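Colleague: I'd like to ask some things about the structure below.
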Amino acid sequence: MADNKNTAIAQVDLTQVKPYGDALNDGKVEMAFTLPVPYGEEAEECAKQYVKKLGFQEPNVTYYHELTPGFTFFVVYGSAQQTIDYTAINVPKVEGTVMDRVECGEWIGEHIGRDIVVVGASIESDAHTVGIDAIIQMKGFHGHFGLERFKHVVPYNMGSQVPCEELIAKAKEVNADAILVSQTVTQKDIHIIQLTKMEELLEAEGLRDKIILTCGGPRISHELAQELGYDAGFGPGKYAEHVMSFIMQEVEKRGWQNKPNIADR
Amino acid sequence: MKSKLNLDFKVVDSARQHAANIAHDMQDFIDRHTTVSTERTILRLLGVDGVDEVDNPLPNVVVDQIKEAGALPTGAAYWMGNAIVQTGKTPQEIAEEVGAGKLEITKLPTCPQEEAAKALEPFIQATFDRIDAQKAKRAEYLQRIGEGPEPYLYVIVATGNIYEDVIQAQAAARQGADIIAVIRTTAQSLLDYVPYGPTTEGFGGTYATQENFRIMRKALDEVGEEVGRYIRLCNYSSGMCMPEIAAMGALERLDVMLNDAIYGILFRDINMQRTLVDQFMSRVIIGYCGIIFNSGEDNYLTTDDAIESAHTVTASQFINEQFAVLANIPENQMGLGHAFEMDPSTEDGFLLELSQAIMAREIFPNARLKYMPPTKFMTGNIFRGHLQDALFNLVAIWSGQSLQLLGMLTEAIHTPHMQDRYLSIENAKYIFNNCKHIGDEVEFKEGGIVQSRAHEVLDKANALLAEVEKDGLFKTIEQGKFGGVKRPFDGGHGLEGVCVKGENYFNPFIARFMDHE
Ligand code: B12
C-alpha cells in the first residue's frame with residue numbers, strides 16, 4: 001500500500017499547472033462554440049480538428065446541433081497540454097492599503113486634513129448609471145456604502161451620457177482631486193475609445209498630472225486602466241472603499257494636502 | 001374566473017380609477033402641446049422622406065425651418081398644406097426644395113386652414129392605403145401560415161450590422177423564435193433625428209432606420225413562410241424620435257414596439273413634457289396599426305429593488321394602460337411590462353416572483369403581458385444564469401404571460417451570440433411543454449406567502465396611485481418615485497422641442513388614427 005501513496009496523491013507542481021477534471025493533470029476542459037459550417041459528420045470532424053489545433057488531445061464532440069443552415073453548435077471536451085508557471089505570474093494591483101469606509105474617513109482627517117473632492121460619471125454614449133451610483137450614491141451596493149456616506153469626501157455624481165468635456169469642466173469648477181469614469185458597454189471596444197478620449201482630453205488641457213484619473217466597470221481591470229493611461233482601474237467586486245483608499249493615499253503621495261486648488265498643484 | 005390570489009377587485013378598481021384620473025390630467029397638458037418630433041411625424045406620414053446634401057433628414061430640415069421662423073405653433077400640417085396649394089407640388093418635392101435652400105415654406109402666400117387641410121387629403125389617403133395594406137398583409141399571414149402559441153418566444157438581435165442581424169434573426173426563427181427585436185444602437189435614443197438608409201455600424205445594437213426595418217421585415221417574412229409561422233418584428237418607439245419611429249413602424253409593418261410613457265424620462269433623461277406629448281402621437285399610430293406596444297416597467301427594477309419597489313411596477317402598468325385607453329389602443333395590443341429581477345439569494349424569491357406575475361395576469365386579463373428575464377442579477381457564471389432563466393420560464397408558463405423575452409445565459413457579458421439564443425429557446429420550450437398546464441392544476445394556500453404578497457403589493461400600488469393622482473404625474477417623477485430616479489420638469493434633453501399649440505394648429509392624423517374598433 002505504501003507504494004501507491006505517492007501516485008495516489010500526486011502533488012501539484014505550481015511551475016507547471018494545467019486544468020483539473022477529476023485527477024491531477026488530466027487537463028480536462030469543456031468548450032462550447034459555433035462554427036460556420038453545415039451540420040453533419042464533416043462538421044463534427046471539423047470541430048474535433050479545430051480543438052486539436054488549439055492544442056487539446058483526445059477531443060471529444062459530446063453534442064452538436066444545427067443552429068441554422070450553415071452554422072453548427074458544438075460541445076467539445078479535450079485534454080489540455082499546455083502548462084503555466086503559476087509562480088512566475090505577476091498581476092498589477094492597485095497600490096496601497098485598502099481601508100473600510102470609517103477608516104478612510106479617519107485617515108483623510110489625519111493625513112490630508114481637508115476634504116477630498118471627486119467627480120464621477122458614466123461618459124459619452126454610455127447610459128448605465130448603476131456602476132457609478134454603486135460607488136458614489138449613499139446606499140452603495142451589496143452592503144458597501146457609497147462615497148456620499150464617507151467622512152471628509154465630497155463627491156459629485158454627474159450621471160450618465162456625460163460628454164468628456166463636461167466632466168472635465170466640472171472637475172475644474174469644483175477643484176476635484178480625482179475623476180471617476182464608469183464604462184459598461186464594451187461592444188466593439190467602445191469603452192476603450194471613450195476612455196482614451198477622456199485621457200487625451202485631460203492631457204490636452206494640461207491637467208493629466210493635476211487630477212487623479214480612475215475608471216471602473218464590469219470589463220475594466222487595473223491592468224487595462226494603466227494601459228490606457230489611467231492611474232487605477234476597478235472591476236467587479238470593487239466598491240467605494242477601494243477607490244477612495246487609493247485616491248487618498250495618492251493625494252498624500254503627491255503632496256496635495258495643502259493644494260485643494262488645481263492651479264496650485 | 002376565480003382569483004387564484006384571492007385579490008380584492010375593489011382595490012383593483014380603485015387603482016384603475018386613480019390611474020385613469022392621472023392619465024386624463026396629463027392628457028389636458030398633452031392636448032395643449034406639440035413637439036418637433038410630432039411635427040416631423042406628420043411630415044413623414046405625408047410622404048416626406050430622404051436626406052439633404054449633408055445627410056439631414058428632410059423632415060428635420062422642414063420642421064427646423066418652420067421653427068426658426070417662429071411658426072411651429074401653427075403646425076407643420078398647415079404649412080405643408082399651404083405649400084401644396086401655393087406650388088402645386090407634392091410634400092416630398094416641397095421638402096426637397098426646402099432642403100436645397102430654394103424654398104422658405106413659411107414665406108409663401110397663405111391660404112385658409114380648410115384649404116390647406118383639403119390639399120393634404122390625397123397624401124393622407126395614400127398613407128392610410130399603405131398602412132391598411134400592411135395590416136391586411138399581417139392578417140393574411142396570420143390566417144394562412146399562423147403563429148406560435150403564447151407565451152411567444154421573443155429574442156433580440158444586436159450585432160450593429162443589419163445584414164448580420166438578418167442572419168441571426170432567421171437562425172432564431174428557425175430555432176423557434178416568434179418575435180425578433182432589433183436592439184437599437186447605444187445612444188440613438190438621444191439623437192433628435194432618425195438616421196437614414198441601411199446601416200452596418202452600431203454599438204450594442206443596430207440603428208433604427210426605415211430601410212433597416214424594411215430589410216428585416218423582408219427577411220422575417222421569408223423565414224416565416226419557410227417555418228410556417230408568422231414572425232413578428234419589434235423595435236423601439238422611444239427616445240427623442242418616439243412618434244417618428246412609430247410612423248416608420250406603421251409603414252413597414254412592425255408588430256411590436258417598445259413604447260413607454262415614462263422610460264425615456266427616467267433612463268435617458270429626456271424631458272418629461274417632451275416624452276409625454278410624444279408618447280401620445282406614437283400611441284395613436286400604434287393603436288391603429290395593430291402593433292403591440294411594450295411598456296418598460298421592468299427597467300425600474302434595474303435601478304430600484306424588485307422586492308421593495310414591486311408596487312411601482314404595478315402602479316406604472318395601470319398608468320400605461322390608461323394612457324393606452326386614451327389613445328384607443330385595444331387591450332390585446334397592450335404589452336404591459338414586468339420582470340423577474342429579484343436577488344436570487346432571496347429565500348422564497350421564486351414565490352414572490354410567481355405572485356407578482358400571476359397578479360399582473362389577473363389584473364390585466366386581456367393584455368399581452370410582456371415578461372422580462374433576469375438581467376441585473378445575472379453574472380459571469382453562465383451555468384447558474386441558465387438556471388435563473390429556467391425559473392423565469394417556469395413562472396411565465398405558470399402565470400400565462402404573452403410575450404416572453406427570453407433570458408440569455410450570457411446576459412452579464414455580451415449581447416447574445418447565435419448559440420445563446422438557441423440554448424435559451426430550448427430552455428423555454430422544454431419548460432413550457434413540460435409544465436404546460438401547471439397553472440390550471442395548482443392553487444395557492446389561503447393567506448400563504450403567494451397570496452399575501454400579492455395583496456401587499458396591490459395595496460401599495462393603489463396607495464401610490466392615490467398619491468400620484470393628488471400630486472400629478474410630473475411632480476411624482478420629480479420626487480423620484482419611479483425607479484428611484486428624480487427628473488426635473490424643465491430638465492433633461494429635448495425641452496427646446498416642445499411648443500404650445502397656436503389657435504390655428506391642426507394635426508390631421510390624430511382623429512383618423514383614433515377612428516377604429
Ligand atoms: C441595468 C442594465 C441596463 C439599464 C441601465 C439602468 C441604469 N440607469 O444604469 C438599462 C435598461 C437602461 C440598460 C440599457 C442598455 N444596456 Co444594459 N445592462 C444592464 C445590466 C442588466 C446590469 C448592469 C448593472 O447595473 N450592473 C450592476 C453594477 C453595480 O455593476 P457594474 O457596472 O459592473 O459596477 C461595479 C463595478 O464594475 C465597479 N464600477 C463600475 N463603474 C465604476 C467606476 C469607478 C470609478 C469605479 C471605481 C468602479 C466602478 O463598481 C460597481 C460595484 O462593484 C447589464 C447586464 C448585467 N447583468 O451585467 C446590461 C448590459 C450592461 N447592457 C448592455 C447593453 C448593450 C445595453 C444597451 C446598449 C442596449 C440597447 N441597445 O439599448 C442600453 C444602453 C444604451 C446606452 N446608451 O448605453 C449589455 C452590454 C454588452 C456589452 N458588453 O457591450 C449588457 C451586458 C447586457 C447584454 N448582455 O446585452 N442596461
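Colleague: Please compute the average number of Cβ atoms from other chains found within 10 Å of each residue's Cβ in peptide B:267-278.
Modeller: The per-residue average across the peptide is 1.
Colleague: Evaluate the Debye formula for chain B with equal point scatterers sitting on the alpha carbons, no solvent, and hand back log10 of I(q)/I(0) at q = 0.07, 0.09, 0.13 Å⁻¹, in q order, two decimals.
Modeller: The Cα Debye sum returns log10 ratios of -0.37, -0.62, -1.27.
Colleague: Would you tally the net charge around A:Glu250, using a Cβ to Cβ cut-off of less than 11 Å, leaving A:Glu250 out, and scoring K and R as +1, D and E as -1?
Modeller: -2
Colleague: Hey, another quick one. With springs connecting C-alpha atoms under 10 Å apart, model chain A as a Gaussian network and identify which of A:Glu110, A:Glu124, A:Glu165 has the largest mean-square fluctuation.
Modeller: A:Glu110
Colleague: Please give the direction-averaged projected area of the C-alpha convex hull for the range B:405-504, in square nanometres with one decimal.
Modeller: Averaging across all directions leaves 13.3 nm² for the Cα convex hull.
Colleague: Between A:Val17 and B:His414, with labels modelled 7 Å along Cα→Cβ, what's the label distance in nm to one decimal, could you check?
Modeller: Here the modelled spin labels are 2.6 nm apart.
Colleague: Run through the range A:15-104 and list the chymotrypsin sites (Phe, Trp or Tyr not before Pro) located in a DSSP loop whose Cβ has at most 14 other Cβ atoms within 10 Å.
Modeller: Listed in order of number, the matching sites are A:Tyr20.
Colleague: At 0.890 mPa s and 25 °C, plugging the Kirkwood radius over alpha-carbon pairs of the protein assembly as shown into Stokes-Einstein gives what diffusion coefficient in µm²/s?
Modeller: 85 µm²/s
Colleague: With the contact rule set at Cα under 8 Å and sequence spacing of 6 or more, what percent relative contact order holds for the range A:98-150?
Modeller: 25 percent
Colleague: Right, next: For B:Ala69 and B:Gln125, what does the FRET efficiency come to when R0 = 41 Å and r is the distance between their Cβ atoms, rounded to the nearest 0.05?
Modeller: About 0.90, to the nearest 0.05.
Colleague: Within the set B:Lys4/B:Lys218; B:Lys429/B:Lys481; A:Lys188/B:Lys376; B:Lys135/B:Lys460, which residue pairs have Cα atoms separated by over 31 Å?
Modeller: The pairs that break the limit, which is 31 Å between Cα atoms, are B:Lys4/B:Lys218; B:Lys429/B:Lys481; B:Lys135/B:Lys460.
Colleague: Can you give the three extents of the C-alpha atoms in the range A:117-242 along their principal axes, from longest to shortest, in whole Å?
Modeller: Projected onto its principal axes, the Cα set of the range A:117-242 covers 36, 32, 24 Å.
Colleague: Another question about this same structure. Label A:Ile89 and A:Ala32 with points 7 Å out from Cα along Cα→Cβ: what is the distance between them in nm?
Modeller: Here the answer is 2.4 nm between the modelled labels.
Colleague: List the lysines whose alpha-carbon lies under 22 Å from that of B:Lys118, not counting same-chain residues fewer than 8 positions away?
Modeller: B:Lys89, B:Lys107, B:Lys501
Colleague: Quote the charge dipole size of the range B:33-125 about the Cα centre in Debye, to the nearest 20; the model charges only the Cβ of Lys and Arg (+1) and of Asp and Glu (-1).
Modeller: 220 debye
Colleague: Between B:Asn82, A:Ile89, B:Met240, whose Cα lies farthest towards the positive end of the dipole of the protein assembly as shown when Lys and Arg beta carbons carry +1 and Asp and Glu beta carbons carry -1, centred on the Cα centre?
Modeller: Going by the charge dipole, the pick is B:Asn82.
Colleague: Accessible area, 1.4 Å probe, largest first: how do B:Glu121, B:Glu201, B:Glu341 sort?
Modeller: The most accessible residue leads, giving B:Glu201, B:Glu121, B:Glu341.
Colleague: Please express the shape of the range B:33-125 as an equivalent ellipsoid: the semi-axes are the square roots of 5 times the eigenvalues of the C-alpha gyration tensor, given largest first in whole angstrom.
Modeller: Semi-axes (√(5λ), whole Å): 18, 14, 13.
Colleague: In chain B, with Lys and Arg counted as +1 and Asp and Glu as -1 at Cβ, which of these residues, B:Gly296, B:Gly264, B:Tyr422, has the Cα nearest the positive end of the dipole, that is, farthest along it?
Modeller: Final value for the positive-end residue is B:Tyr422.
Colleague: So how far apart, in nm, are the two label points at B:Ala390 and B:Asp490 if each is 7 Å from Cα heading toward Cβ?
Modeller: Computed distance between label sites B:Ala390 and B:Asp490 equals 5.6 nm.
Colleague: To continue, here is another question. Restricted to Cα positions, what overall size does chain A have along the principal axes? Three whole-Å values, descending.
Modeller: Result, largest extent first: 69, 58, 33 Å.
Colleague: Using only DSSP helix segments of four residues or longer, with each worth -39500 (n - 2.57), what per-residue ellipticity at 222 nm results for chain B after dividing by its residue count and rounding to 500?
Modeller: So the calculated ellipticity at 222 nm is -17000 deg cm²/dmol.
Colleague: If you don't mind, there's one more thing I want to ask. Restricting to Cα pairs below 8 Å that are 6+ residues apart, what does the relative contact order work out to for the range B:33-125? Please round to a whole percent.
Modeller: Relative contact order for the range B:33-125 comes out at 33 percent.
Colleague: Here's a follow-up. Which lysines, if any, have their Cα less than 17 Å from the Cα of A:Lys259, not counting same-chain residues under 8 positions apart?
Modeller: Straight-distance partners of A:Lys259: A:Lys172, A:Lys210.
Colleague: Same structure again: Is there a quick way to get the dipole size of the protein assembly as shown? I mean about its Cα centre, with the Cβ of Lys and Arg at +1 and of Asp and Glu at -1; what is the value in debye to the nearest 20?
Modeller: Dipole of the protein assembly as shown, to the nearest 20 debye: 460 debye.
Colleague: So what is the relative contact order of the range B:1-158, in percent, for Cα pairs below 8 Å that sit 6 or more residues apart?
Modeller: 20 percent
Colleague: Next question, about the same structure. Taking a quarter of the surface of the convex hull around the Cα atoms of the range A:1-159, what do you get in nm²?
Modeller: Over all viewing directions, the range A:1-159 projects a mean Cα-hull area of 17.8 nm².
Colleague: Next question. Please state the charge dipole magnitude for chain B, taken about the Cα centre, from unit charges on C-beta atoms (+1 on K and R, -1 on D and E), reported in debye and rounded to the nearest 20.
Modeller: Its charge dipole is roughly 520 debye.
The values are calculated or read from the model by the stated rules, or taken from the named source; none is laboratory data. Please read these numbers as outputs of a predicted model, since none were measured by experiment. Every residue, glycine as well, gets a Cβ built from its backbone with ideal geometry; the counts of neighbours run over all protein chains shown. These area figures cover heavy atoms from the full protein model, side chains too; ligands, DNA and RNA do not enter into them. Shrake-Rupley method; radii C 1.70, N 1.55, O 1.52, S 1.80 Å.
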